[in-house]
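Participant: Would you mind keeping the following structure in view while I ask a few things?
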Amino acid sequence: MNISNAQAALKKYFGYDTFRPMQADIVQSIYDRRDCLVLMPTGGGKSICYQIPAVTTEGVTVVVSPLISLMKDQVEALKANGIAAAFMNSSQSYSESQVIENQLFENKIKLIYVSPEKAVSQSFLPILKNLNISLIAIDEAHCISAWGHDFRPEYAQLGFLKQQMPHIPIIALTATADKLTRKDIIEKLNLNDPSVFISSFDRPNLSLEVRPGQKRMEQILAFIKSRPQQVGIIYCLSRRSTEEVAVKLLSNNIKAAAYHAQMSPRERSKVQEDFQNDKVQVVCATVAFGMGIDKSNVRWVIHYNLPKNIESYYQEIGRSGRDGAPAETVLFYSFADVNAYREMFGQLESSNQEIQNAKLDRMLQYADAQICRRRILLNYFSENHTENCGNCDICNAPPQYIDGTILTQMALSAVARTQEQVNMSLLVDILRGSSKYEVIERGYDKIKTYGVGRNVPITEWQSYVWQIIQLGYLEIAYEDKHKLKMTPSAKEVLFNGQKVQLFKPLSIKERQEIEKKAKEQKAKTEAATPRLRIKNQLFDYLREFRRLLAIEKGMPPYIIFSDATLGEMAASVPRNEYEMRQISGIGEQKWQQYGQDFLDKIETFLSQNPDFIESGAVMQKVEPKQLEKTDLIEKAAEKVLQKPPKAPQESKVPTQTVTYNLFKTGLSIEEIAEQRFLSPTTIQSHLVQLYEAGEPIDVFQFVSLADIQEITEGVAFLPEPLKLKELHEFFSERFTYGQLKFALAYQEKNKTVA
Ligand code: ADP
Ligand code: ZN
């Protein structure tokens, strides 16, 4: 195999023209049958690294992936691209896994996803040993390490793979970069002199913004309302705030849901699924919400509270914009969060306490930073970038510095006059001349600095005091009720005329003003450039079409086309097959399945908006060009690729199986009916059919043995052929139709057995 085969497959299956940095090298390394370890940020494009070798080489690729919920989506997405994939895990019945096993041995599957439990099970070993395996991929490989944050015991056993099958290359992938974890992965998986690939952690499509935490809710509502179609995640520190924020959003007509670890697994997977399908716009979640989501069109992430370290923060914001289209991130931060963490860490044993506090310090430095935030982040991950990013709040509105000497003197003097007995909020109260009980009671209204700073708004004071701490003139005694203490350098400012430079924080109003101006500017540019206008309108139009199509097909919208693909479509307005196939993300299968539908939709849109053509923003339709380029790629691909087995069209899972899977999770008939938008009667008949087909369903859950006997006797009174309606009436509607059916099925079955 060589890399041009890989290139052709990338276009054919995924519709992408080029590999991202490193992807090609990784693929080559697998072609060379070397083990490798891949570190890439979330959304960096790890999956392609093993999916391309999987479809271009002979045999089957085994992918170990930790989450059952994720597996289904991954397989769905591959199938939508025309790649034969399947998964095996504990959620399946014996007969289901049997079917897949058969397909495996008939070489009908190119990628098989398995849970770690399955991978290490006794039942899987003979399958492994007898299959023609081309590659083993271990996703989320950091789960193997106790150093990492997601340790999973079953992962620890995966080392047997290399021992049992030393000649099959293993690729381990993770988004966690730290050195100890890396070492652990290599050792525990017994990787043999692996090539290690560490890609840039930069995610330039994510904008970065930090805002002070005052009036968070108000700011969040305004943010979401000005982005009506976009889905996002709000990360909160506590279960309580996830619920409070969700309720607040709901009462403002925003489709929101809370998600936290105390919810039942069923409740959680419901939220997760609704979010995947764009039925819920906003999930308010604790950090528990994470690994299980593989949704590419999350357009923003808000941190309601400060994260406790940069690793978590980066991973959480990384869940937005995975499709590469622009996404926004906003971090709210307040001193209360910092204090809460310090107290929390105080409970830890001392060495751990030190580490956690040091990590929190780095997080604070980031939040307080007055230089390009992306540079700080990337520096943290040992990447030095010398250019400012132009996509963070600091780059967009560089801070204004003021002479803060007098302000600093006021604050320091107040601290001195209160004998260093006040914390930050009390200090601000004193400076602002507040008549709060605590101030008066302790006699602070009598000191000379009382009220000297009343002309400075409270939020500004909070920022100044924090800056004074950061500059090292004051420090917080965490062990003594967070009281502020002077450092030796305070004297320099108070008595020796040292100058202090502070920056003026933006008020919420000023921020809103900036945002408003930017919006107006955008609208103006848009009005002046029809091309931009059509891009936005057509995007909304196609997105709505995608949503409806997704409901019809019963799959998440982003599996049809990603936001990035849709955005490119709206920007380039393809009018024929050739143009459509040029768009990134439209491979062979996607073109076949949806290409023409979307072309038709674009034509409908244009006929409804003739001004776009009249204004020249969109070209007149031209006859399709010869499909030279695509043709060539196709031919090249056909020649060199072994023709992959034809993927099963669509998801042809029988409707009874869908019901059965839900039933096995413990849902009642009514609940299944609600979830599937079907009637309970239909669900009941599914279960009867399943029971008739031999699935181990407990009939007595629905109808007792005595009832069955009574019903059977009743049948004898009725003429043949038996009509269910008559039986129903015979018992004066005492039994439901479902019970009657179950009883008859039971009787039939036991008759046959006898
Ligand atoms: P990860 O597993 O690293 O979080 P994914 O493999 O899910 O990331 O990839 C993130 C997104 O980037 C997906 O939508 C994927 O299709 C897309 N992608 C990956 N490689 C490329 C590429 N070479 N060109 C364009 N898009 C790509
Ligand atoms: Zn920047």
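Participant: Being basic (Lys, Arg), within 47 Å of the chain's Cα centre (by Cα) and surrounded by fewer than 20 Cβ atoms within 10 Å (Cβ to Cβ) is true for just one of Lys436, Lys446. Which residue is that?
Facilitator: Lys436
Participant: Starting from residues that are part of a loop (DSSP other than H, G, I, E, B) and open to solvent by 40 Å² or more (accessible area, probe 1.4 Å), keep the ones in segment 414-425 and report whichever is farthest from ligand 2 (Cβ to nearest atom).
Facilitator: Looking at residues that are part of a loop (DSSP other than H, G, I, E, B) and open to solvent by 40 Å² or more (accessible area, probe 1.4 Å), I get Gln419.
Participant: Sticking with this structure for a sec: Where in segment 339-413 are there helices (runs of 4 or more DSSP H), lying wholly inside it, with at least 3 residues that are within 26 Å of the chain's Cα centre (by Cα) and under 22 Å from Pro212 (Cβ atoms)?
Facilitator: 350-368, 373-380
Participant: Filter segment 679-700 for residues that are open to solvent by less than 60 Å² (accessible area, probe 1.4 Å) and in a loop (DSSP other than H, G, I, E, B) and give the result.
Facilitator: Ser679, Gly694, Glu695, Ile697
Participant: Which condition number does Ile48 fail, the rest of (1) near ligand 1 (Cβ under 9 Å from one of its atoms); (2) closer than 20 Å to Leu158 by Cβ; (3) among the β-branched types (Val, Ile, Thr) being met?
Facilitator: All conditions are met except number (2).
Participant: Turning to a different aspect of this structure: Would you tally the residues in segment 318-345 being in contact with an Asp or Glu (Cβ under 9 Å, 6 or more places away or on another chain) and among the hydroxyl-bearing types (Ser, Thr, Tyr)?
Facilitator: 3
Participant: Sticking with this one: Has segment 362-372 got at least one residue that is modelled with pLDDT under 95, within 16 Å of ligand 1 (Cβ to nearest atom), out of contact with any Lys or Arg (no Cβ under 8 Å at 6 or more places or on another chain) and closer than 23 Å to Ser200 by Cα?
Facilitator: Checked segment 362-372: no residue is modelled with pLDDT under 95, within 16 Å of ligand 1 (Cβ to nearest atom), out of contact with any Lys or Arg (no Cβ under 8 Å at 6 or more places or on another chain) and closer than 23 Å to Ser200 by Cα.
Participant: How many residues, within segment 375-397, are within 16 Å of ligand 1 (Cβ to nearest atom) and among the aliphatic types (A, V, I, L, M)?
Facilitator: 0
Participant: On the given criteria, is Ser65 open to solvent by less than 40 Å² (accessible area, probe 1.4 Å), closer than 30 Å to Tyr594 by Cβ and among the small types (Gly, Ala, Ser)?
Facilitator: yes
Participant: If a residue counts only when it is more than 16 Å from ligand 2 (Cβ to nearest atom), over 26 Å from Pro399 (Cα atoms) and open to solvent by 40 Å² or more (accessible area, probe 1.4 Å), which helices (runs of 4 or more DSSP H) contained entirely in segment 492-567 have at least 3 such residues?
Facilitator: In segment 492-567, 508-528, 530-553 are the helices (runs of 4 or more DSSP H) which contain 3 or more residues that are more than 16 Å from ligand 2 (Cβ to nearest atom), over 26 Å from Pro399 (Cα atoms) and open to solvent by 40 Å² or more (accessible area, probe 1.4 Å).
Participant: Further question on the same structure: What about Ser200, is it small (Gly, Ala, Ser) and assigned to a loop (DSSP other than H, G, I, E, B)?
Facilitator: Considered against the rule, which asks whether it is small (Gly, Ala, Ser) and assigned to a loop (DSSP other than H, G, I, E, B), Ser200 comes out as yes.
Participant: Same structure again: Residues in segment 371-378: is at least one in contact with a Leu (Cβ under 9 Å, 6 or more places away or on another chain) and of a type in the set (Val, Ile, Thr)?
Facilitator: no
Participant: On to the next question. Whether any residue in segment 284-295 is at pLDDT 85 or above and in contact with an Asp or Glu (Cβ under 8 Å, 6 or more places away or on another chain) is what I want to check.
Facilitator: Yes, because at least one residue in segment 284-295 is at pLDDT 85 or above and in contact with an Asp or Glu (Cβ under 8 Å, 6 or more places away or on another chain).
Participant: Continuing with this model, one more query. Take the residues in segment 1-30 that are more than 25 Å from Ala80 (Cα to Cα) and free of Cβ contacts under 8 Å to residues at least 40 places away in the same chain; name whichever of them is farthest from ligand 1 (Cβ to nearest atom).
Facilitator: Ranking the candidates gives Asn2 first.
Participant: Give the residues of segment 671-689 that are of a type in the set (D, E, K, R) and touching a residue at least 12 places away in the same chain (Cβ under 8 Å), sorted by residue number.
Facilitator: Selection gives Arg676 alone.
Participant: Applying the selection to segment 116-138, what residues are in contact (Cβ under 8 Å) with a residue 12 or more places away in the chain and farther than 16 Å from Val60 by Cα?
Facilitator: Answer for segment 116-138, where residues must be in contact (Cβ under 8 Å) with a residue 12 or more places away in the chain and farther than 16 Å from Val60 by Cα: Pro116, Glu117, Lys118, Val120.
Participant: Oh, and also: So is Tyr113 of a type in the set (Ser, Thr, Tyr), in a helix (DSSP H, G or I) and within 15 Å of ligand 1 (Cβ to nearest atom) or not?
Facilitator: So Tyr113 does not fit the description; no.
Participant: Applying the selection to segment 26-45, what residues are at pLDDT below 95 and either β-branched (Val, Ile, Thr) or part of a helix (DSSP H, G or I) (or both)?
Facilitator: Residue satisfying the conditions is Thr42 alone.
Participant: Determine whether segment 165-180 contains at least one residue that is open to solvent by 50 Å² or more (accessible area, probe 1.4 Å), modelled with pLDDT under 95 and within 16 Å of ligand 1 (Cβ to nearest atom).
Facilitator: Checked against the condition, which is being open to solvent by 50 Å² or more (accessible area, probe 1.4 Å), modelled with pLDDT under 95 and within 16 Å of ligand 1 (Cβ to nearest atom), segment 165-180 yields no hits at all.
Participant: Sticking with this structure for a sec: So which of Asn391, Asn379, Asn396 ends up being over 23 Å from Leu471 (Cα atoms), open to solvent by 60 Å² or more (accessible area, probe 1.4 Å), within 16 Å of ligand 2 (Cβ to nearest atom) and not hydroxyl-bearing (Ser, Thr, Tyr)?
Facilitator: Asn396
Participant: If I ask for residues that are over 23 Å from Thr657 (Cα atoms) and basic (Lys, Arg), which ones from segment 90-140 would you list?
Facilitator: Result: Lys110, Lys129.
Participant: For Ala146, which of the numbered conditions (1) open to solvent by less than 70 Å² (accessible area, probe 1.4 Å); (2) not in a helix (DSSP H, G or I) fails to hold?
Facilitator: Checking Ala146 against (1) open to solvent by less than 70 Å² (accessible area, probe 1.4 Å); (2) not in a helix (DSSP H, G or I), the one that fails is (1).
The values are calculated or read from the model by the stated rules, or taken from the named source; none is laboratory data. Since this is a predicted model, take the numbers as computed values, not measurements. Positions of Cβ are generated from backbone atoms using ideal geometry, with glycine treated the same way; all protein chains shown enter the neighbour counts. These area figures cover heavy atoms from the full protein model, side chains too; ligands, DNA and RNA do not enter into them. Shrake-Rupley method; radii C 1.70, N 1.55, O 1.52, S 1.80 Å.
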